[in-house]
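The values are calculated or read from the model by the stated rules, or taken from the named source; none is laboratory data. Remember, predicted model here, so these are calculated numbers, not experimental data. Every residue, glycine among them, receives a Cβ derived from its backbone with ideal geometry; neighbour counts consider all protein chains shown.
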Amino acid sequence: MLQQQKLKIATVVMALILAGLVASQTLQQNRSTIQAVDSNSIEENVPALTVGEIAASASTSEVSEDVSQRNSRVGALRVGRIGATPTLEEIQSLQKLPLLDSQVNRAYTLAKSMTCRMLTPGASVNPTISLPLAGEAGTIGRVPAFTIGLTMDPNGRNKLPAVTRRQVDDYFEKHRLVIEPMIYSNDQGQLYFGTDCQAAFYEIDRPGVAVKAEPMIESAVERFRSLGIAASIQTNEDLKSSLATRLNSKFGRTLVMAFTFEQAALTVTSIGQEGRRVTELLFFHLPPSQPEPSDAIGSSNSRNPILMEVFLTSDERRNLHRLDRREGELNAPTPDILSDVRFDKMILMGLYPAEPVVTDIHYRSGGIIDMELVSQLMNGYKDQPPMSLDDVLDQFGLLSGASLADQPIPSMKVNGTTEEDERWLREVARLKYERLEKSLQPVERADQPAAFPKVPLMTGLGK
């Protein structure tokens with residue numbers, strides 16, 4: 001009897017266990033079904049990730065259209081602007097001209113990242129200018145500024161073997177360099193410089209294609225560095241001079257560069273000694289833009305050819321010259337600038353020159369003014385407001401005496417310049433030349449001997 005009761009209890013327990021197992025399985029199935037339904041509903045609200053549509057079937061067109069409509073409502077993430085035209089605000093500007101040695105050395109050191117680069121061999125030396133349409137910004141491209149010829153320093157020729165000397169002379173006579181800054185245009189048609197600059201090395205007989213340069217040429221090109229574009233001067237609107245009203249115009253028309261060389265001393269005791277390092281400034285200047293004719297606004301070739309002027313300092317930034325150059329003549333008989341080069345090291349068993357050093361430069365000057373006058377005009381000369389470097393270079397012809405006071409006003413005037421402003425600039429040029437003429441006069445000294453009278457001397461001879 002007792003055993004039968006135990007069997008009944010065991011049977012009931014087993015039934016309860018089976019019922020619990022069945023219930024747990026049913027509950028798990030219900031949960032998985034609910035999760036599947038929830039996941040399907042979520043996937044309907046999330047756009048699908050499309051990797052590609054290569055060999056996609058026609059049945060997926062509706063899904064792709066739905067995904068494209070959803071993606072069109074989401075903004076695109078732009079990481080960079082590769083090849084985009086930089087604006088004036090994005091280009092480094094130069095607030096003050098570095099004229100002192102400490103200033104120019106610091107600016108030259110900080111501009112290491114803006115060193116002039118060699119053009120890739122095979123590229124066009126004088127590329128076709130691409131002018132954007134009116135109302136569009138774009139990159140104009142590289143514009144040849146001036147050519148550089150190389151010759152060996154007379155004091156360093158004897159250091160080279162005769163065979164090497166002939167090879168170097170022949171190499172220099174057949175090749176030249178051309179410096180090409182980059183020019184851009186904004187949507188208003190204003191041209192402005194960038195800090196990017198390239199140098200093309202080419203053969204005179206084939207001036208259209210750049211060739212591979214020797215390492216010594218590349219090291220010489222690295223001495224050219226961009227310091228920035230000359231900044232404009234902010235002035236008050238109540239200034240009366242028309243020169244001051246033009247100072248509020250956009251800047252970017254002048255690119256300031258620097259280059260270094262070792263100037264050889266001219267004293268007798270310094271023969272055979274190394275010169276000292278000298279840093280001079282280069283100004284690439286675009287004249288004020290001329291308005292386009294109204295009937296040619298839509299034409300991409302309606303603008304005038306790009307005009308550029310080149311200025312450079314001398315005597316350790318004491319004087320400013322306008323370079324008299326042959327624009328567009330890459331194979332002219334003489335280059336715009338001729339550089340004397342000395343080699344301080346010989347490699348490959350003393351047969352290959354290395355470590356070139358520029359010792360002097362020669363060029364034709366189309367006018368000269370002293371940098372002290374430029375600084376005075378930029379700081380505000382007498383009662384006149386400060387002028388920007390762009391405006392000073394615009395008036396270089398008047399300031400250098402190219403247009404004298406007794407000559408008629410030149411036909412090509414700078415926009416916004418009145419006759420009063422030009423008279424003032426002519427007066428500044430006249431005072432400059434009077435000061436220069438006075439400085440060239442011999443200085444009278446107290447111990448200077450008096451001139452003897454031109455009369456026969458009474459010597460008593462012949463009596």
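Key figures
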quantity: Residues of region 173-195 satisfying the condition of being touching a residue at least 60 places away in the same chain (Cβ under 8 Å) and closer than 27 Å to Ala354 by Cα; calculated: Arg176, Val178, Ile179, Glu180
quantity: Of the criteria (1) out of contact with any strand residue (DSSP E or B) (no Cβ under 6 Å at 6 or more places or on another chain); (2) touching a residue at least 12 places away in the same chain (Cβ under 8 Å); (3) closer than 23 Å to Thr334 by Cα; (4) surrounded by 14 or more Cβ atoms within 10 Å (Cβ to Cβ), which one Gln167 fails; calculated: (2)
quantity: Matching residues, region 345-374, being in a strand (DSSP E or B), among the hydrophobic types (A, V, I, L, M, F, W, C) and under 24 Å from Val221 (Cβ atoms); calculated: Met346, Ile347, Ala354, Val357, Val358, Ile361
quantity: Residue in region 183-192 that is out of contact with any Phe, Trp or Tyr (no Cβ under 8 Å at 6 or more places or on another chain) and crowded, with 17+ Cβ neighbours inside 10 Å present; calculated: yes
quantity: Which listed residue, of Thr151, Thr139, Thr195, is among the polar types (S, T, N, Q) and closer than 30 Å to Asp344 by Cα; calculated: Thr151
quantity: Residue pairs meeting the criteria (Cβ under 7 Å; at least 6 apart or on separate chains; first in contact (Cβ under 8 Å) with a residue 12 or more places away in the chain and β-branched (Val, Ile, Thr), in region 198-209; second in a strand (DSSP E or B) and buried (at least 19 other Cβ atoms within 10 Å of the Cβ)); calculated: Ile204/Arg176; Val209/Tyr202
quantity: Test: residue in region 124-144 that is modelled with pLDDT of 90 or more and basic (Lys, Arg); calculated: yes
quantity: Some residue of region 70-87 being of a type in the set (D, E, K, R), in contact with a Cys (Cβ under 9 Å, 6 or more places away or on another chain) and either at pLDDT 85 or above or outside any loop (DSSP other than H, G, I, E, B) (or both); calculated: no
quantity: Top-ranked residue of region 236-265 - restricted to ones that are over 21 Å from Asp315 (Cβ atoms) and among the acidic types (Asp, Glu), ranked as modelled with the highest pLDDT; calculated: Glu237
quantity: Evaluation of Ile233 against (1) at pLDDT 50 or above; (2) crowded, with 21+ Cβ neighbours inside 10 Å (one fails), failing number; calculated: (2)
quantity: The one condition in (1) at pLDDT below 85; (2) among the small types (Gly, Ala, Ser); (3) exposed (fewer than 10 other Cβ atoms within 10 Å of the Cβ); (4) under 30 Å from Glu173 (Cβ atoms) that Gly156 fails to fulfil; calculated: (3)
quantity: Leading residue by the ranking (nearest to Leu150 (Cα to Cα)) among those in region 353-373 that are hydrophobic (A, V, I, L, M, F, W, C) and without any contact (Cβ under 8 Å) to a residue 60 or more places away in the chain; calculated: Ile368
